[in-house]
Amino acid sequence: MDGRESELRAALETPDEVRQSRTDASVFLFYKAEQTRRWVCAVAKRQDDNGFLITAYPTDAIKEGVRVWPK
């Protein structure tokens, strides 16, 4: 994701979809469409009123999990 900071920021600020992790309720996956069937995924965690980015990656599939945005 080096050099793709603007796409990462867009995924976090204006996601197309947000899912809650199946294994950790404090982890959320933010998806932003890049093109047909391609997304940028930003994985973030909320802990003690703080949030931080865990990782980010391009993907061709949205992972399972509870969809929290849009409802």
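Each reported figure results from applying straightforward, stated rules to the coordinates on display, with no laboratory input. Computed from a predicted model, the values in this text were never measured in an experiment. Quick reminder, even Gly has a Cβ in these numbers, built from the backbone with ideal geometry, and neighbours come from all protein chains shown.
How large is the helix-only mean residue ellipticity at 222 nm for the chain, computed as the sum of -39500 (n - 2.57) over DSSP H runs with n ≥ 4, divided by its residue count, in deg cm²/dmol to the nearest 500? Working shown, then result.
Details: 1 runs with 9 residues, N = 71.
Rounded to the nearest 500, the figure is -3500 deg cm²/dmol.
Please compute the modelled spin-label separation between Q35 and A61, points set 7 Å along Cα→Cβ, answer in nm with one decimal.
Computed distance between label sites A61 and Q35 equals 2.1 nm.
Identify the GluC sites (Glu not before Pro) of the chain meeting these criteria: DSSP loop state and at most 14 other C-beta atoms within 10 Å of the C-beta. Before the final figure, lay out the partial values.
On the way: sites: E5, E7, E13, E17, E34, E64; in loops: E64.
In loop regions of the chain (DSSP not H, G, I, E or B), the sparsely surrounded GluC sites (Glu not before Pro) are E64.
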